[in-house]
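Read the structure below first, then the notes.
Nothing in this text is a laboratory measurement; each read-out follows from the coordinates by a stated rule. Because the structure is a prediction, the values reported are computed rather than measured. Cβ atoms come from the backbone with ideal geometry, glycine included; neighbour counts cover every protein chain shown.
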Amino acid sequence: MGKQDTKLKLLQAFTELVVENGYQAATTIKIAQLAGVNESSLFRLFGNKKGLLLALIAQCVHDIDNLQNEQLEQLDLSECLFQVAQQYQTFMRTHEALVMVGLKESLQLEEVKEATNKLAIHFKKVVETILIQRIQTGEITKKINPKIQADNFNWLNFGYFLTQHNAHNSKLSEPKRTDFLREHIHEYLRGIL
C-alpha cells in the first residue's frame, strides 16, 4: 500500500469515527484499526490526531476556495437559490466530520472554528451577492436587507443539514430532499419578493 493510499484510508477512518462518535472518542488506535493500518503509520504520516484534523481542515478550505458560482447569474431566482441550497447540502455532507467537530469543539480547536467560519462566510456572500443583484434588476423588493436575508437562507439550510445528521437512520431520500429544498425556496421567496 502506498503512502497516499494509507493517508486516504486514515482520513476516511478518522472522518467516519468523528461523525459517529465525536472528535474526543476517535482515538488513534480506533482510527488505525478502522483504516486497517498500524497506529505507527498514523503518527508517521500525520504526527498525531490533531494532524489528521488539520489535514481535514486543509481539504475543506481547499474545497471552499474552489466552489464555483458564476453560472448562477443566468438562472431564474428560484432555480439560482435552489442550486445554492443543493451545493450547500452537498458540501456539508461531504465535510460532515469537520462540521460536527466545529459544533462540538470549536471553542477548544481554533483551526476548526476558522474553517467553519470561512464556510459560513462563503455561502453568506454568495447568497447576499445574488440578492443584491436581483434587487438591482427589480426582481426582489428593495425593502429587504440582503445581509439579514442571506443569514436567514443559510440558517434554514444549516438547520436542515443538522436535522438530517441527527436523523441518521431516517435520512430523506434525494427526491424528498429536493422537494424540501424547492418548498423552502418557494416560501423564502414569498417573503422577499
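For this structure, a couple of remarks:
- Two-site FRET efficiency, residue 143 against residue 180, from Cβ-Cβ distance with R₀ of 30 Å, rounded to 0.05: 0.65
- Tensor-based shape of region 60-109 (alpha-carbon gyration tensor, a/c under 1.5 rounded, otherwise prolate or oblate): prolate
- Summarising the label geometry, the points placed 7 Å from Cα in the beta-carbon direction at residue 20 and residue 189 lie 4.2 nm from one another.
- Surrounding net charge for residue 17, when Lys and Arg each add one and Asp and Glu each subtract one, Cβ distance under 13 Å: 0
- A dipole drawn for the chain from +1 and -1 charges on Cβ atoms has a positive end, and of 51, 123, 136 the residue lying farthest that way is 51.
- Ellipticity estimate at 222 nm from DSSP helix runs (n ≥ 4, -39,500 (n - 2.57)) divided over the chain, nearest 500: -25500 deg cm²/dmol
- Residue (of 67, 160, 38) at the positive-pole extreme of the chain, dipole from beta-carbon charges: 38
- Partner aspartates and glutamates for residue 113 [C-alpha distance under 16 Å; skip if fewer than 8 residues away on the same chain]: 96, 105
- Against the chain, whose longest principal axis is taken from its Cα atoms, helix 110-136 shows a tilt of about 20°.
- Pair residue 73, residue 40: separation of 7 Å Cα→Cβ label points (nm): 5.7 nm
- Label sites at residue 129 and residue 65, each approximated as a point 7 angstrom past Cα along Cα to Cβ, lie 1.7 nm apart.
- Residues residue 114 and residue 90, FRET efficiency given R0 of 22 Å [Cβ-Cβ distance, rounded to 0.05]: 0.50
- Label selected from [x] 12.0; [y] 12.8; [z] 11.0, the criterion being mean projected area of the Cα convex hull in nm² as computed here: [x]
- Set 50/124; 7/30; 49/118; 7/118; 7/49; 104/147 screened for pairs whose C-alpha atoms are more than 20 Å apart: 50/124; 49/118; 7/118; 104/147
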